[in-house]
Amino acid sequence: MNERSQDTKTMASNPVIVWFRESLRVSDHPALHAAASSNAPVVCCFVYDQQSPELRPLGGATGWWLAQSLRALRAELRAMGADLIIRRGPADEVLGDVVRETNAGTVFWNDVAQSGPRALAERVEAALGAIGTVSRIFPDDLLVDPAQLRGKEGRGLRVFTPFWKRVLACGDPPKPLPAPARLASAPGFSSLSVDDLGLEPTRPDWAGGLRETWQVGERAAQARLAEFLDRAARTYAADRDRPDIAATSRLSPHLRFGEISPRQIWHAARFAAAEHPAFAKGIDKFLTELGWREFSRHLLYDHPDLATRNLQPSFDAFPWTRDDAALAAWQRGRTGYPIVDAGMRELWHTGSMHNRVRMVVASLLAKHLLIDWRHGEQWFWDTLVDADPGSNPASWQWVAGSGADAAPYFRVFNPVLQGEKFDPDGTYVRRWVPELARLPAGLIHQPWAAKPLELAEAGVTIGRSYPAPIIDHKQGRERALAAYASLRTSD
DNA sequence: TTTTGAGTTGTTCGA
DNA sequence: GTCGAACAACTCAAA
């Protein structure tokens with residue numbers, strides 16, 4: 001009886017809309033939670049917007065991930081009694097259409113604390129306001145609001161350690177919200193299918209490796225976090241730099257699309273550290289990595305053009321070279337440096353690369369090859385499933401030396417030493433560069449130094465089955481140091 | 001306001 | 001093999 005009258009009342013009220021942006025999940029989703037609490041029918045809407053100039057277009061790999069993530073979200077919502085309405089077009093126009101179709105009085109969404117997405121959201125809010133619709137916006141994608149974390153002269157902090165101390169001093173972020181048990185659904189509005197968005201490759205189908213590698217979606221993200229905290233967090237501090245060991249959380253693409261929130265990660269990690277004191281060190285280190293994501297997005301908040309402009313203006317005079325052949329060799333994993341080639345091939349196949357190796361490949365491109373970091377950033381943007389608008393450009397600038405708290409110019413990675421130090425048995429290289437698999441560990445990171453007999457036994461011919469180094473390390477290093485020195489004398 | 005100390009992730013060289 | 005110093009100077013944050 002009660003239920004029935006409740007239903008009648010609910011059906012009578014106008015629906016509300018939840019605009020899904022980056023938070024492709026149902027738990028700890030402030031906008032969805034608030035919409036569900038209103039007891040009105042909920043229309044969940046995703047707008048694929050390639051037209052609004054405020055948004056950076058997705059890369060290929062993130063596009064593929066988005067398609068999988070939308071399917072997972074739609075399944076979650078259907079299990080709760082609602083559907084996901086997918087539309088395409090400029091978000092302000094599309095949401096206006098959906099409001100008119102549904103007669104909704106309120107649109108809820110989670111904030112994305114970046115100037116582009118915020119500018120778009122402001123246009124949406126204005127368009128909705130013009131037709132008498134209320135917008136309700138909730139903080140979501142960061143632990144701390146960048147506007148609340150200011151240094152002198154109102155600027156954002158540009159050194160990581162004080163930044164992270166300030167974030168920690170803010171105390172725990174809000175506790176994660178539960179997923180709504182069920183949603184009062186509004187019936188049948190037209191929707192595109194995920195296939196209609198054309199986010200997935202057909203010919204050639206380059207996504208096979210991505211499908212093999214990843215389980216996409218909120219449930220997979222939660223499972224991965226639980227598994228990491230249960231097992232790998234214990235050794236994380238010691239092993240996180242080892243690409244040959246599965247020591248990292250691999251949560252970054254899930255975070256990128258908000259399949260899991262930073263608050264959920266924070267609280268789960270703190271809980272695990274309290275349960276297992278032996279994990280505390282690893283977990284602190286892990287949370288620091290969450291801090292780098294936070295730091296990068298705060299930088300992006302203050303510097304919307306982070307992906308295109310040097311944070312240190314002195315770098316505008318840097319003598320980058322143009323070398324399309326070298327860039328292509330780097331992209332394809334044919335530089336002749338095994339650790340670099342392994343990383344670039346891992347990237348192409350899986351849409352990801354171990355963090356340590358990202359630094360090595362980036363250093364080779366920007367320093368040995370003197371190729372503008374923006375080319376590397378764009379390649380990563382297109383090929384990484386976790387390509388993040390903050391982390392990706394901030395990290396590239398960090399390696400190149402033009403960024404915040406950046407690596408000093410004289411820090412040029414030696415790809416042989418890095419390989420020997422972090423992939424000591426050559427396991428990682430053997431996996432991704434199979435033509436070198438039969439070389440012994442002592443030679444696998446510098447095959448050109450092997451004796452003819454050793455190469456013959458391993459079936460390797462330098463220059464034929466595997467390239468000679470694209471540039472001699474010592475020579476490349478000296479050239480890089482000279483280029484960086486020119487910045488200081490040029491003004 | 002001025003001063004002071006510090007700043008994710010390295011490499012090389014020479015003792 | 002191991003160890004410490006040099007590799008620069010600057011910007012940043014906080015006392």
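Numbers at a glance
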item: Failed item, numbered, when A:Arg430 is tested on (1) farther than 30 Å from A:Asp302 by Cα; (2) within 16 Å of DNA strand B (Cβ to nearest atom); result: (2)
item: Hey, A:Gly156 within 23 Å of the chain's Cα centre (by Cα), small (Gly, Ala, Ser) and within 16 Å of DNA strand B (Cβ to nearest atom) or not; result: yes
item: First in region A:274-291 and over 23 Å from A:Gly390 (Cβ atoms), second anywhere and hydroxyl-bearing (Ser, Thr, Tyr), Cβ under 6 Å, 6 or more apart; result: A:Gly282/A:Tyr236
item: Pair list, Cβ under 6 Å, 6 or more apart: region A:176-204 residue of a type in the set (Lys, Arg), other residue modelled with pLDDT of 90 or more; result: A:Arg182/A:Met80; A:Arg182/A:Gly81
item: Qualifying positions in region A:56-77 - surrounded by fewer than 19 Cβ atoms within 10 Å (Cβ to Cβ) and part of a loop (DSSP other than H, G, I, E, B); result: A:Arg56, A:Pro57, A:Leu58
item: Residues located in region A:374-400, provided they are under 20 Å from A:Thr350 (Cα atoms) and either assigned by TED's automatic domain parsing to the domain that holds A:His298 or part of a loop (DSSP other than H, G, I, E, B) (or both); result: A:Leu384, A:Val385, A:Asp386, A:Ala387, A:Asp388, A:Pro389
item: Helices (runs of 4 or more DSSP H) (entirely within region A:308-369) containing at least 2 residues that are among the basic types (Lys, Arg) and within 16 Å of DNA strand B (Cβ to nearest atom); result: A:355-363
item: Residue in region A:299-307 that is within 15 Å of DNA strand B (Cβ to nearest atom), assigned by TED's automatic domain parsing to the domain that holds A:Ser252 and under 30 Å from A:Ala226 (Cβ atoms) present; result: yes
item: Whichever residue in region A:379-406 is within 12 Å of DNA strand B (Cβ to nearest atom), touching a residue at least 40 places away in the same chain (Cβ under 8 Å) and hydrophobic (A, V, I, L, M, F, W, C) and, among such residues, is surrounded by the most Cβ atoms within 10 Å (Cβ to Cβ); result: A:Ala400
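The values are calculated or read from the model by the stated rules, or taken from the named source; none is laboratory data. On a predicted model such as this, the values are computed, not experimentally measured, just so you know. All Cβ positions, glycine included, derive from the backbone under ideal geometry; neighbour counts span all protein chains shown.
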